[in-house]
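The values are calculated or read from the model by the stated rules, or taken from the named source; none is laboratory data. All figures in this text were calculated on a predicted structure; none of them were measured in a lab. Note: ideal-geometry Cβ built from the backbone for every residue, glycine included; neighbour counts use all protein chains shown. Ligands, DNA and RNA are excluded from the accessible area calculation, which covers all protein heavy atoms including side chains. Shrake-Rupley method; radii C 1.70, N 1.55, O 1.52, S 1.80 Å.
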Amino acid sequence: MDPDCENKEKLEPPEEQEEHETAVEDTPSPAEELPAPTEELKGWKFLLFYLCFYGFMTQLRPGESFITPFLLSPEMNFTKEQVTNEITPVLSYSYMAVLVPVFLLTDYLRYKPVLILQSLSHISVWLLLIFGNDVIEMQFMEFFYGITMAARVAYSSYIFSLVSPARYQRAAGFSRSSVLMGVFFSSVLGQLCVTVAGVPYMTLNYISLGFMMFGLILTLFLKRPKKSLFFNKKVSRQENGIHQSEIQKMNPEAKVGGWCSGWKDFVIVRMVLELKGTVRHPRLRIWSLWWIFNSAGYYLMLYYVQILWNEIYPTTNNRKVYNGGVDAASTLLGAITSFAAGYVKIRWSLWSELVIGLVTAFQAGLLILMNTTSNIWVCYVAYILFRSSYQFLVPIAIFQIASSMSKELCALVFGMNTFFATILKTIITIIIADKRGLALSVHPQFYVYFGYFTILAVLYLAGAAWVIIRYKKEEHVEENEANRTPASTEQKVVTDKTTVESHA
């Protein structure tokens, strides 16, 4: 299962923050045009604290790290083939099916209903784990888990509808930290329950269900924003020679069409047309491609790694299953590398492809190590390093993408990248994992993931070589032009002096 498809908040390196803030000021959003302070923003500290507490508590699912061992245990008695080729693939399918509807409904319904849906889906997951006993019920469990994953966009963007733009950075940092701490604490709690207290997996599921019900209660007390961020935006449309957005700037109380008009004009037409101009930006292209291709492989590995661990170390002693501790360590190291990435100072326009290529090659090496080792601890360490290396690039990608466009389009770009990554992930799952495809077992699957990341690394490094060679050529041309200019000036001076002397 996937504990860290979390927030896509903007993490800005100090040296570029001022420049980006200036760009944001040049393109003010409707939220920034509101007078401040408003009644909606007066209690922002309490709202932020409550949302962070909510984010922390909803991550407390100590049984999540042990779902695969639970399904393969004598209590449930599913075979590895059933878990690998029939149950787990449903997660990718359901996530792809609900991602776009949830993404659009999140803003239109103003967040809270989608957060309630997420809590209800989480409760359904654990009810099916507790009371389900056949493949179809476990497939429904994965379906509901896909809904919870898709609904995470509601939490990651909810806070921005409640606080002023000046507080976005702090709010994003606090909300992300609360989620990471929740995942870390949940993994540690689960590991302590299994290893120290000897708690059975079924009891761990009941504990997780209790936390999810408490999370649903917390959701009911969340403040529902009065306005959405996208569906109440001004639609730029020509009317009697004047853009509709300009009319609305003069008359903010005016409304643009009805529900159908707003859905059609804003979501499908306006934002896609605005996106058309942004894809030409080199940084946006390279980091969006990284997001699509690398995250698809990353989450496939995440979905199947617990099955690999069970294959390498098929113990029947629950106390010796350390999935929770490994998840805790990878979450902590991932948080550290994410934080450190914000302070990396290099020329990203030149070195982006090289950094991505080196990290991807490193990940390919870790995948082949995980798949070929017979030592479970080596596999654990490789998994931790794999996740932390991915988390290192996530904040860099977020900033590079966000700084390439107006912030109004950021959510759409991140959503589109995630959607394309999900499509790619689903296609790979159908081909190699589903029983209607090749139905490969876990070891051959990891060989495929290794080949996938190897190809990506080669392409990234080839792109890096091309960018560096082109840069060196341009630098050489500029040096030649710079050297030629003083020589031409000196020659002109000598010519002018000769002319003056001849006239004299």
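Data for the structure
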| item | result |
| --- | --- |
| Candidates LEU369, LEU385, LEU333 - the one that is open to solvent by less than 60 Å² (accessible area, probe 1.4 Å) and in a helix (DSSP H, G or I) | LEU333 |
| Number of positions in the range 137-149 that are farther than 17 Å from MET76 by Cβ and either in contact with a Phe, Trp or Tyr (Cβ under 6 Å, 6 or more places away or on another chain) or of a type in the set (Ser, Thr, Tyr) (or both) | 3 |
| Single residue of the range 436-459 satisfying the filter (of a type in the set (Gly, Ala, Ser) and at pLDDT 95 or above) that is surrounded by the most Cβ atoms within 10 Å (Cβ to Cβ) | ALA457 |
| Single condition GLY325 does not satisfy, out of (1) in a helix (DSSP H, G or I); (2) open to solvent by 10 Å² or more (accessible area, probe 1.4 Å); (3) closer than 27 Å to GLY451 by Cβ | (3) |
| Any hit, the range 144-159, residues being touching an Asp or Glu at 6+ places or on another chain (Cβ under 8 Å) and within 21 Å of LEU209 (Cα to Cα) | yes |
| Residues (surrounded by 15 or more Cβ atoms within 10 Å (Cβ to Cβ) and either among the hydroxyl-bearing types (Ser, Thr, Tyr) or under 22 Å from LEU99 (Cα atoms) (or both)) located in the range 129-145 | MET138, GLN139, PHE140, MET141, GLU142, PHE143, PHE144, TYR145 |
| Pairs, first more than 15 Å from LEU162 (Cβ to Cβ) in the range 103-128, second open to solvent by 10 Å² or more (accessible area, probe 1.4 Å) and not in a helix (DSSP H, G or I), C-beta under 7 Å, six or more apart | TYR108/SER228; TYR108/PHE231 |
| Given (1) under 23 Å from PHE70 (Cα atoms); (2) among the acidic types (Asp, Glu); (3) under 21 Å from the mean Cα position of the chain (by Cα), number of the condition ASP107 does not satisfy | (1) |
| Residue tally, condition open to solvent by less than 70 Å² (accessible area, probe 1.4 Å) and farther than 12 Å from GLN59 by Cβ, over the range 201-214 | 8 |
| Flag if VAL494 is modelled with pLDDT of 95 or more and either farther than 30 Å from GLY146 by Cα or not in a helix (DSSP H, G or I) (or both) | no |
| ARG61, sole failed condition from (1) within 20 Å of ILE430 (Cα to Cα); (2) open to solvent by less than 10 Å² (accessible area, probe 1.4 Å) | (1) |
| Verdict on ALA197 being free of Cβ contacts under 8 Å to residues at least 40 places away in the same chain and either surrounded by fewer than 16 Cβ atoms within 10 Å (Cβ to Cβ) or of a type outside the set (S, T, N, Q) (or both) | yes |
| Helices (runs of 4 or more DSSP H) enclosed by the range 36-142 - at least 3 residues per element that are not hydrophobic (A, V, I, L, M, F, W, C) | 39-42, 44-57, 89-108, 112-131 |
